[in-house]
Amino acid sequence: MGARLLIGLLWLLHWLPLPWLAALGRGLGRLLYRLAGSRRRIALRNIELCLPALGPAEREALARDHFQWLARSILERSLLWYASEARLRRLIHVEGDVGLADRSERPVMWLVPHFMGLDVAGAAVQLYGQKTAASIYQAQSNKVFDAAIRKGRLRFGRSQIFSRQESAKPLMRCIKQGSPFFNLPDMDFGRQDAAFVPFFGVPAATLLAPSRMARALNMVVQPVVAEILPGGQGYRVRFLPPWSHFPTDQPEADALAMNRWIESEIRQNPAQYLWVHKRFKTRPDGEPKLY
């Protein structure tokens, strides 16, 4: 019952002007920072590990700001799920070569790190692209939430999602048939198909699949970064030039290059990176836990 009420609330929120919704989200973020003790501690620890030059007060200020962007991203999912296509086109500003995947003779992999506008990028590739995009989906334990998220992500009819728990063969077949792949490369999924690669100088379990898949399927790799703009200005999604140096025949070297690029993007917009994820949960043998 609680899940249905929350989804109903999101539907109501999508009618609000974006400046009101943004203000509501930032207020909720201030509250969450005080109440979500476990996630607050994770965010502060990640910031301490990744940005050691910051002092305690600076780390706390960054974490407080992060929680406000995080809450905005949650509430503004209501727009992505329920607002009209015309309204979203007014709010989502795209930069760069958004049509690369439509023109490319080779399949395209979008590398999309976990910034707060991640779901906006998912909407943008459907609103501004012609091909049906493919992505991997983490099934939710709550069936009501799971159905709502799936429906929201598939609402424009130009997307296919594949469960992380299932075989990769259907996804590979889809890419071979020409679908661009929306890939999220920067989470800790354990040791499987991963190597410990520095992320801000800290060994992090980093997926080798982006490099291996791009090489096996002869893919063009295009990085994409999404940003929530202040107040009611909307969102910016940057489709950056495709990489000429990726993939190589050395997956670990590719993973390091990918992490260094993500680091450079975080330094430009640190408050909107997903600090509440346990990026360093998996540790090399013999190393102590970091959380």
Open item on the list: Need one word for the range 233-276: rounded, prolate or oblate. Basis is the Cα gyration tensor (sqrt eigenvalues a ≥ b ≥ c); a/c below 1.5 gives rounded, then a/b vs b/c decides.
Closed with: oblate
Task: Solvent-accessible heavy-atom area per residue, rounded to whole Å², over the range 1-116 at 1.4 Å - done: 51 Å²
Task: Length gained when the stretch Ile74-Gln233 is fully extended (0.36 nm per residue, less Cα-Cα span) - done: 55.5 nm
Task: the chain: calculated mean residue ellipticity at 222 nm from DSSP helix runs of at least 4, using -39500 (n - 2.57) - done: -14500 deg cm²/dmol
- [ ] Can you bin the range 53-109 into rounded, prolate or oblate? Criterion: square roots of the alpha carbon gyration tensor eigenvalues sorted a ≥ b ≥ c, rounded for a/c under 1.5, prolate for a/b above b/c, oblate for the rest.
- [x] oblate
Task: FRET efficiency for Ala57 and Arg34, using Cβ-Cβ distance with R0 set to 25 Å, rounded to 0.05 - done: 0.90
Task: Under 5 Å, built H, 5+ apart or other chain: amide partners of Ala204 - done: Val197, Phe199
Open item on the list: Restricting everything to alpha-carbon atoms, can you work out Rg to Rh for the chain with a Kirkwood hydrodynamic radius?
Closed with: 0.95
Open item on the list: Which residues does the label zone of Gln250 cover in the range 185-210, counting backbone N under 12 Å from a point 7 Å along Cα→Cβ?
Closed with: none
Open item on the list: Quick one: 3J(HN,Hα) in Hz for the range 217-224, Karplus 6.51/-1.76/1.60 with θ = phi - 60°, rounded, Gly and Pro as x.
Closed with: 9, 6, 8, 8, 10, 10, x, 9
Open item on the list: Quick check: residue separation of Tyr291 and Lys278 times 0.36 nm, minus the Cα distance between them. What number comes out in nm?
Closed with: 3.9 nm
Open item on the list: Can you compute the modelled spin-label distance between His93 and Ala139, with each label point 7 Å from Cα toward Cβ, in nm?
Closed with: 4.1 nm
Open item on the list: Given bins 10 angstrom wide, list per bin the percent of all Cα-Cα distances in the range 77-228, short to long.
Closed with: 10, 39, 37, 14, 1
Open item on the list: Could you give the length gained by full extension between Asn269 and Ala86, i.e. 0.36 nm per residue of separation minus their alpha carbon distance, to one decimal place?
Closed with: 63.1 nm
Task: Overall dimensions of the range 134-183 by Cα: Rg and Dmax, Å - done: 11.3, 33
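The values are calculated or read from the model by the stated rules, or taken from the named source; none is laboratory data. These numbers were taken from a predicted model, which means no experiment stands behind them. Note that we place each Cβ from the backbone using ideal geometry, even for glycine, and neighbour counts take in every protein chain shown. The area values use the complete protein model at the heavy-atom level, side chains included, leaving out ligands, DNA and RNA. Shrake-Rupley method; radii C 1.70, N 1.55, O 1.52, S 1.80 Å.
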